[in-house]
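Okay, so here's the structure we're looking at.
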Amino acid sequence: MENVTRPLPFSAFEWLLSGRYLRARRKEGFISVIAGFSFLGIMLGVATLIIVMAVMNGFRKELIDKIVGMNGHLAVQPLESPLTDWQDVAARIGQVSGVKLVVPVVDGPALASSAQTASGVLIRGIRADDLNKLASVASNIRDGSLEAFQQGEGVAIGRRLAEQLSLRAGDPITLVAPGENLTSKAVTPRMKPYKVAAVFSTDMSEYDSVMVFLPLAEAQAYFNRANDVSAIEIFLEARPDRVDDFRKPVADAAARPVYLVDWRRRTSAFFAALQVERNVMFLILTLIVLVAALNIVSGLIMLVKDKGSDIAILRTVGASRGSIMRVFLIAGAAIGVVGTLTGLLVGMLVCVNIEKIRQFLSWITNTELFPPKLYFLSKMPAEIDFGETAAVVAMALTLSFLATLYPSWRAARLDPVEAFRYG
């Protein structure tokens, strides 16, 4: 009896047969309808997951940059006694390794009014040199300049606040704050007119609509502070996530009782909600990929049932069970691999052009998608995390491969006699 030479695993014969099985009959087009829907499901699932994760990462990064760019990584607040020695404390903290900028500030709420309307604001007193070093403000002046601010003769306000009050650089603005001198009837308010020296835009509506910068000395006088400050903002050279490394050195350099608040504490509720939303979106979108993988299972099972006679003939002429199993493994995996790679390409292209797509959809629908008042940002960001993207691709490929195992095993276990009898 002669030895039968069988093809090697994953030989050209198996690849050719898998390709023929993926093709539909002429009346159904080039590729089978089931394989086409499975391909679209994998592609859309992977692309959507990559896009959503990139947008969530972009939101987080932009928000951190805006928040840290305006408020600093750490804030030193006084304990037991006011920060009347703020100059010495700021000088000592500025010598700590890794500290980029130390900014003493005076904060307080007020009402800003113009000839047309009024709006609640947050006044921040800051030294002119420090304001010039805040790139989020100094590099984004939309109207006027900071020269008058440096001379202590004007204020800098956000772009959205300027729009609400119908103000431009050079226009007068009146600031009203509760006073401390009580009369028998009411609290005497403090009112003082200023000139708008500059209008800035941080692209974050929460700041652009409420922030008013005053020269530090003027803010101290306006709020009746005895040469002290509300806090000392500290900007670090390190990444925001490393802020814990600087808590002890900064506390030691302060050399007095202080309370340290980092950017995470200030926005803990907001970023916690953002993280929960991100995790939930990941789980929901992963289900899309899982459903698409199940489409591969159903498609291959139907393909095995339809090709029962072909499998019986192949087994009769000497094809092994392993060869039959590999044929359907290749067919199912091809759908998953091509769909995943196409989804990766589509996702990357959308992420790169996400803002142009948003503008186009806004123009088509004549609506404002992602309004800044709700999402804090004036444009849609997308930050691609290549490690996260690789994990999405690996997950999709793994699910696609696992989806082919049962149908392929079932094809390999098919009895040729039963197939001929009922085929």
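Couplings for segment 118-127, taken from phi via the Karplus curve 6.51 cos²θ - 1.76 cosθ + 1.60 with θ = phi - 60°, read 9, 7, x, 9, 10, 8, 10, x, 8, 5 Hz in order; Gly and Pro are left as x. Amide H contacts of Thr202 (H built 1.01 Å from N, in plane; Pro and chain starts excluded): Arg159, Asp208 sit under 5 Å, all sequence-distant by 5 or more or on other chains. Taking the chain as a Gaussian network, where each spring joins two C-alpha atoms under 10 Å apart, which residue of Phe360, Phe235, Phe246 fluctuates the most? Its mean-square fluctuation being the largest, the pick is Phe360. In this structure, the amide hydrogen of Asp143, modeled 1.01 Å from its nitrogen in the peptide plane, lies closer than 5 angstrom to those of Val199, counting only residues at least 5 positions away or on a different chain. Helix 33-71 and the longest principal axis of the C-alpha atoms of the chain enclose an angle of approximately 20°. In a reduced charge model with +1 at each Lys and Arg Cβ and -1 at each Asp and Glu Cβ, segment 134-226 shows a dipole moment near 300 debye about its Cα centre. Our coupling estimate for segment 262-272, obtained by passing each phi through the Karplus curve with A = 6.51, B = -1.76, C = 1.60 and θ = phi - 60°, is 9, 5, 6, 5, 5, 10, 4, 5, 5, 6, 5 Hz, Gly and Pro reported as x.
Computing FRET efficiency as 1/(1 + (r/R0)^6) for Phe271 and Ser97, where r is the C-beta to C-beta distance and R0 is 41 Å, gives about 0.90.
Segment Leu283..Ser298, full-extension length gain: 3.1 nm, with 0.36 nm per residue of separation and the alpha-carbon distance subtracted.
Counting only protein chain heavy atoms and rolling a 1.4 Å probe, the accessible areas of Trp263, Trp15 rank, largest first, as Trp15, Trp263.
Summary of packing: across the peptides 47-59, 107-119, the per-residue average of other C-beta atoms within 10 Å ranks them, highest first, as 47-59, 107-119.
Selection among Pro178, Ala156, Ala238 by position relative to the dipole of segment 149-256 gives Pro178 as farthest towards the positive end (Cβ unit charges, Cα centre). Where (i) 26.6; (ii) 33.2; (iii) 21.4 are the candidate values, the label of the one calculated here for Kirkwood radius over Cα pairs in Å is (i). Mind pulling the angle between the C-alpha long axis of helix 386-412 and the longest principal axis of the chain? Nearest 10 degrees, somewhere in 0 to 90. Long axis of 386-412 versus the principal axis of the chain: about 20 degrees. Taking each residue as 0.36 nm, the span from Val33 to Asp245 lengthens on full extension beyond its C-alpha to C-alpha distance by 70.6 nm.
With K and R counted +1 and D and E -1, the other residues having a Cβ less than 15 Å from that of Thr174 yield a net charge of +1.
Using the Cβ of Ala162 as centre and a radius below 11 Å, the other residues enclosed give a net charge of 0, where K and R count +1 and D and E count -1. Ordered from largest to smallest accessible area (heavy atoms of protein chains, 1.4 Å probe), the residues Lys307, Lys195 come out as Lys195, Lys307.
Candidates Val280, Ser309, Tyr259 compared by Cα position along the dipole of segment 246-309: farthest toward the positive end lies Tyr259, with charges placed on Cβ. For segment 263-308 versus segment 215-242, the spacing of their alpha-carbon centroids is 45 Å.
Cross-link reach is defined here as a Cα-Cα straight distance under 12 Å, omitting same-chain residues fewer than 8 places apart; for Lys379 the aspartates and glutamates meeting it are Glu62, Asp203, Glu355, Glu368. Put simply, the amide H of Asp85, placed in the peptide plane, has no neighbours under 5 Å, leaving out anything fewer than 5 places away on its chain.
For the chain, the share of DSSP beta bridges that are antiparallel, to the nearest 5, is 80%. Rolled with a 1.4 Å probe across the full set of protein chains, the surface gives Ile313 an accessible area near 90 Å². Note on Thr367 and Asp85: their simple-model spin labels are 5.9 nm apart, each label 7 Å out from Cα toward Cβ.
Using the rule -39500 (n - 2.57) for each DSSP H run of four or more residues, divided by the residues of the chain, the 222 nm mean residue ellipticity is -17500 deg cm²/dmol.
3J(HN,Hα) along segment 212-228: 10, 9, 10, x, 4, 4, 5, 5, 4, 5, 5, 9, 6, 8, 7, 6, 10 Hz, from the Karplus curve 6.51 cos²θ - 1.76 cosθ + 1.60 with θ = phi - 60°, whole Hz, x for Gly and Pro.
For segment 49-131, the ratio of Cα radius of gyration to the globular rule of thumb 2.2 N^0.38 Å stands at 1.52. Placing +1 on each Lys and Arg Cβ and -1 on each Asp and Glu Cβ, with no other charges, gives the chain a dipole about its Cα centre of roughly 1700 debye.
Each residue was assigned an accessible area with a 1.4 Å probe, and for Glu237 the value is about 130 Å².
The values are calculated or read from the model by the stated rules, or taken from the named source; none is laboratory data. Computed from a predicted model, the values in this text were never measured in an experiment. In this analysis, Cβ positions are derived from the backbone assuming ideal geometry, glycine residues included, and neighbour counts consider all displayed protein chains. Please note that ligands, DNA and RNA were not included when accessible areas were found on the heavy atoms of the full protein model with its side chains. Shrake-Rupley method; radii C 1.70, N 1.55, O 1.52, S 1.80 Å.
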